[in-house]
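Engineer: After the structure tokens below, expect a handful of questions from me.
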Amino acid sequence: MRRLPLSLLAAFAVSAALSGCIRRGPSVQTLSPALRVMTFNIQSGRHGLDAVAGLINEAHPDVVALQEVDRFTGRSGGVDQVEGLARRTGLLHTHFFRTTSLHGGDYGLAVLSRYPLAASSWRGLPTNGAEPRGVGRAVVEAPSGAVSVYVTHLSNLPFRGRLREQQVRAVLGFMSEGGPGPAMLCGDFNDDSRSPALQRVREVLEDAFGRAGRGRETTYPMGLLPESRLDYVFTTDGLRAADAWVVREEASDHFPVVVDLLAGEARTET
């Protein structure tokens, strides 16, 4: 059975929040069919773009938020991984967000979409001398309205927890400036769901897996050590997770997360 197309009943702008962050508004009451989104750290395609594209094609998402993407780097054979994945998946509307130059090319984040992208913007994040990081926004022109898709990749290593808190504040501040339609935030946060950084995100956004997840939530296998959950999809009001799962197949050092989102009007309960 074919999935129904997205029908957004209303564009819901992300409002500026108290103390510079986003406030969660009224409950979503009127819901319509799903937009399927995937977030995936592809590890610069070290297992091959065919393997990455295979997992994307199996999940059949409408939008994919990618981290650790190479374009024209020597270590990845000089190819444009965004173009290569678009061609292999049929998700032909793309935008690449350059984070830094690396190995003779560019390295960063990307969005692949089944639907046209109307606009994009970028904001660098604080790093305190660590590797450059940022957050990108691509506006997806879904069949009945716009959705703002934010993608990020926070700093790694356990001792950088406070830095990730600073980065989260910057991401939420960027989102609070507003964008067309409801919004989602996808990415590799390099932190446990119980961390202060992730708790801060949950104060203003809804954790899609926390709401609708099934199966194991961990996304980063660590051999003999316990697996970690590092990869997330969060939503503003106007989008609600109806289903969420982790694709536990190897095409990177991370497993991708897939979420079906319902869209609808935001109404205040009485």
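To keep it simple, each residue is scored yes or no on (1) over 20 Å from D253 (Cα atoms); (2) at pLDDT below 95; (3) touching a strand residue (DSSP E or B) at 6+ places or on another chain (Cβ under 9 Å).
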| position | (1), (2), (3) |
| --- | --- |
| G124 | yes, no, yes |
| V140 | yes, no, yes |
| S148 | yes, no, yes |
| L154 | no, no, yes |
| R162 | yes, no, no |
| G181 | yes, yes, yes |
| Q199 | yes, no, no |
| A208 | yes, no, yes |
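Engineer: If you take the residues of region 211-228 that are under 12 Å from R248 (Cα atoms) and modelled with pLDDT of 95 or more, which of them is surrounded by the most Cβ atoms within 10 Å (Cβ to Cβ)?
Structural biologist: T219
Engineer: Right, another one. What strands (runs of 3 or more DSSP E), lying completely within region 192-240, carry at least 1 residues that are charged (D, E, K, R) and more than 16 Å from the chain's Cα centre (by Cα)?
Structural biologist: 225-228
Engineer: Pick out the one residue from Y220, Y232 that is closer than 22 Å to N156 by Cα, in contact (Cβ under 8 Å) with a residue 60 or more places away in the chain and among the aromatic types (F, W, Y).
Structural biologist: Y232
Engineer: A follow-up question, please. Could you identify the single residue in V151, V139, V147 that is touching a Pro at 6+ places or on another chain (Cβ under 7 Å), of a type in the set (A, V, I, L, M) and either in a loop (DSSP other than H, G, I, E, B) or within 17 Å of R36 (Cβ to Cβ) (or both)?
Structural biologist: V147 is the lone residue from the list that is touching a Pro at 6+ places or on another chain (Cβ under 7 Å), of a type in the set (A, V, I, L, M) and either in a loop (DSSP other than H, G, I, E, B) or within 17 Å of R36 (Cβ to Cβ) (or both).
Engineer: Checking L85 against (1) touching a residue at least 60 places away in the same chain (Cβ under 8 Å); (2) surrounded by 22 or more Cβ atoms within 10 Å (Cβ to Cβ); (3) not basic (K, R), which test does it fail?
Structural biologist: Condition (1) is where L85 drops out.
Engineer: Now for a separate question. If you scan region 48-79, which residues turn out to be of a type in the set (V, I, T) and closer than 18 Å to V233 by Cα?
Structural biologist: If the condition is that a residue be of a type in the set (V, I, T) and closer than 18 Å to V233 by Cα, then I56, V63, V64 are the ones that fit.
Engineer: Please determine, by comparing only the residues of region 101-134 that are assigned to a strand (DSSP E or B) and in contact with an Asp or Glu (Cβ under 8 Å, 6 or more places away or on another chain), which one is surrounded by the fewest Cβ atoms within 10 Å (Cβ to Cβ).
Structural biologist: In this case the residue turns out to be A118.
Engineer: Continuing with the same structure: Counting only residues that are crowded, with 21+ Cβ neighbours inside 10 Å and among the hydrophobic types (A, V, I, L, M, F, W, C), which one in region 229-245 is nearest to A59 (Cα to Cα)?
Structural biologist: Restricting to residues being crowded, with 21+ Cβ neighbours inside 10 Å and among the hydrophobic types (A, V, I, L, M, F, W, C), the top hit is A244.
Engineer: Going through region 155-189 one residue at a time, which ones are assigned to a loop (DSSP other than H, G, I, E, B) and either surrounded by 24 or more Cβ atoms within 10 Å (Cβ to Cβ) or β-branched (V, I, T) (or both)?
Structural biologist: G181, P182, F189
Engineer: Could you tell me which residue of region 57-82 is surrounded by the fewest Cβ atoms within 10 Å (Cβ to Cβ), considering only residues that are within 20 Å of the chain's Cα centre (by Cα) and aliphatic (A, V, I, L, M)?
Structural biologist: Once the filter is applied, the top-ranked residue is A59.
Engineer: Which numbered condition in (1) touching an Asp or Glu at 6+ places or on another chain (Cβ under 7 Å); (2) closer than 16 Å to V63 by Cα is the only one that L185 fails?
Structural biologist: All conditions pass for L185, except number (1).
The values are calculated or read from the model by the stated rules, or taken from the named source; none is laboratory data. Values in this document were obtained by computation on a predicted structure and should not be read as measured data. With ideal geometry, Cβ positions are generated from the backbone for all residues, glycine too; neighbour counts draw on all protein chains shown.
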